[in-house]
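Have a look at the structure below, then the notes.
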Amino acid sequence: MKLMLRWGILALAVWASTALIPGIKVHGGAWSYLWVALLFSVINTFLGSLIKILTLPAVILSAGLFLWIINAAMLELTAKWSTALTITSFWAALFASLIISLVTGIGHRLTARPRSL
């Protein structure tokens with residue numbers, strides 16, 4: 001159940017980025033957003049994790065800001081592997097990755113179970 005919730009939050013984050021950034025577009029309806037979210041999460045889980053480990057010194061030196069560049073690259077890769085997502089420039093992907101990070105972060109905090117002491 002938690003995985004489905006995270007997937008829905010990511011789809012909502014992709015929708016928010018397409019609504020706010022003119023250079024990113026998802027072709028189709030809700031199923032296309034869910035497909036893009038699924039593909040992005042799979043790419044980010046496997047390939048993104050490997051790249052984050054390999055670029056750890058750059059991530060540390062930039063105080064974590066380099067992670068947004070990696071996420072933007074993973075979003076670009078998602079657009080290359082999916083016909084449902086179109087991104088016109090790397091800047092659009094970078095701003096979309098910022099929005100996706102913000103929306104998913106807020107969504108996960110809102111849906112997290114309170115910790116018991």
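Tell me the label only: which of (i) 19; (ii) 64; (iii) 11 is percent of Cα pairs over 26 Å apart as calculated from this structure? Label (i) holds the value from this structure.
Got the relative contact order for the stretch 2-108 handy, in percent, Cα pairs under 8 Å and 6 or more residues apart? Mind dumping the intermediate values first?
On the way: 120 pairs, mean separation 45.0, N = 107.
With pairs under 8 Å counted, the relative contact order is 42 percent.
What full-extension length gain, to one decimal in nm, is calculated for Ser49 and Lys2 as 0.36 nm per residue of separation minus the Cα-Cα distance? If you can, show how the numbers build up before the last one.
Values: separation 47, 0.36 × 47 = 16.92 nm, distance 2.06 nm.
Contour length minus Cα-Cα distance gives 14.9 nm.
In order along the stretch 49-59, the Karplus-derived 3J(HN,Hα) couplings, from 6.51 cos²θ - 1.76 cosθ + 1.60 at θ = phi - 60°, round to 5, 5, 5, 5, 5, 5, 9, 4, x, 5, 5 Hz, and Gly and Pro are given as x. Only helices enter this figure: runs of n ≥ 4 DSSP H residues, each worth -39500 (n - 2.57), summed and divided by the residues of the chain, yield -23000 deg cm²/dmol at 222 nm to the nearest 500.
Using the Cβ atoms and a cut-off under 13 Å, what net charge is assigned to the surroundings of Ile70, where Lys and Arg are +1 and Asp and Glu are -1?
Numbers: positive: Lys52; negative: Glu76.
Net local charge, Ile70 excluded: 0.
The numbers here are math on the coordinates, done by the rules we state, and not lab data. This is a predicted model, so every value here is computed, not measured. Every residue, glycine as well, gets a Cβ built from its backbone with ideal geometry; the counts of neighbours run over all protein chains shown.
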